[in-house]
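Following: one structure in structure tokens, then a few remarks.
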Amino acid sequence: MGKALICAEKPSQAKALAAPFPNRNMKTHIAIAPCVMFPEGAVVIWAVGHILELYRPEDYSKEYQEWSLDNLPIIPKEYKLKVIESKRSIFNNFKKFLKDPDISVIIHADPGIEGCLLLDEIFYYLNNRKPVKRLWTIA
């Protein structure tokens, strides 16, 4: 079957999700050892807020570099996302694990509106084709 990749919105959530299982904090992720729930083991990773942002007007066209009423409304044919440079290492961590052939399933562990959006954006941006399951917990 392969390993599961558990994706959390923030580090504290990742630690709480990994806590019931035999695990090791590897700084960029938490490795869950093979166990009854995860026979092949699992990896827990996290975002730290939004990792992607919408293009700015000037990213679409140089004509929008100077603000002008004449250019309004600015409605792109397709809205585009880009990586926030200060979060590039976290993005690269998601990319590494989403592309890892040992990972066979993604567990989306944040059902909240904001957490759901920021993780879904990453999966979409990286063109994820692996199955995604959602984890719902009660606090």
Do the conditions hold for residue 88, that is, is it within 24 Å of residue 11 (Cα to Cα) and without any contact (Cβ under 8 Å) to a residue 40 or more places away in the chain?
yes
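Going by what's in this entry, would residue 96 be described as charged (D, E, K, R), at pLDDT 95 or above and either in contact with a Gly (Cβ under 8 Å, 6 or more places away or on another chain) or within 22 Å of residue 18 (Cα to Cα) (or both)?
Values: charged (D, E, K, R): yes; at pLDDT 95 or above: yes; either in contact with a Gly (Cβ under 8 Å, 6 or more places away or on another chain) or within 22 Å of residue 18 (Cα to Cα) (or both): yes.
Taking the combined requirement at face value, the residue satisfies it.
Only one of 77, 87, 95 is under 27 Å from residue 127 (Cα atoms) and in a loop (DSSP other than H, G, I, E, B). Can you tell me which? Working first, answer last.
Working: 87 fails: in a loop (DSSP other than H, G, I, E, B); 95 fails: in a loop (DSSP other than H, G, I, E, B).
Unique residue meeting the criteria: 77.
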So which residues in region 94-105 are more than 10 Å from the chain's Cα centre (by Cα) and open to solvent by 20 Å² or more (accessible area, probe 1.4 Å), if there are any at all?
96, 99, 100, 101, 102, 104
Which pairs do you get when a residue that is over 11 Å from residue 110 (Cα atoms), found in region 5-29, comes within reach of a residue that is aromatic (Phe, Trp, Tyr) and surrounded by 15 or more Cβ atoms within 10 Å (Cβ to Cβ), reach meaning Cβ atoms under 6 angstrom, with the pair 6+ apart or on two chains?
5/97; 11/46
Could you give every pair whose Cβ atoms fall below 8 Å, whose first residue belongs to region 31-52 and is within 12 Å of residue 107 (Cα to Cα), and whose second residue is of a type in the set (S, T, N, Q) and part of a loop (DSSP other than H, G, I, E, B), counting only separations of at least 6 or pairs across chains?
45/28
Which residues, taken from region 45-91, are within 17 Å of residue 7 (Cβ to Cβ) and loosely packed, with under 12 Cβ neighbours inside 10 Å?
89
Residues in region 50-72: is at least one assigned to a loop (DSSP other than H, G, I, E, B), of a type outside the set (Gly, Ala, Ser) and under 26 Å from residue 136 (Cβ atoms)?
yes
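Please go through region 106-121 and give me each residue that is open to solvent by less than 10 Å² (accessible area, probe 1.4 Å) and either of a type in the set (A, V, I, L, M, F, W, C) or not in a helix (DSSP H, G or I) (or both), ordered by number.
Correct list: 106, 108, 109, 118, 119.
Looking at 38, 91, which one is of a type outside the set (Asp, Glu) and within 13 Å of the chain's Cα centre (by Cα)? Talk me through it step by step, then tell me what you get.
On the way: 38 fails: within 13 Å of the chain's Cα centre (by Cα).
Every option except 91 fails the conditions.
Can residue 15 be described as outside any strand (DSSP E or B) and either farther than 23 Å from residue 116 by Cβ or open to solvent by less than 40 Å² (accessible area, probe 1.4 Å) (or both)? Talk me through it step by step, then tell me what you get.
On the way: outside any strand (DSSP E or B): yes; either farther than 23 Å from residue 116 by Cβ or open to solvent by less than 40 Å² (accessible area, probe 1.4 Å) (or both): no.
Here the answer is no, as residue 15 does not meet what is asked.
The values are calculated or read from the model by the stated rules, or taken from the named source; none is laboratory data. Since this is a predicted model, take the numbers as computed values, not measurements. Heads up, the Cβs are rebuilt from the backbone with ideal geometry, glycines too, and the neighbour counts pull from every protein chain shown. Heavy atoms of the whole protein, side chains included, go into the accessibility calculation; ligands, DNA and RNA do not. Shrake-Rupley method; radii C 1.70, N 1.55, O 1.52, S 1.80 Å.
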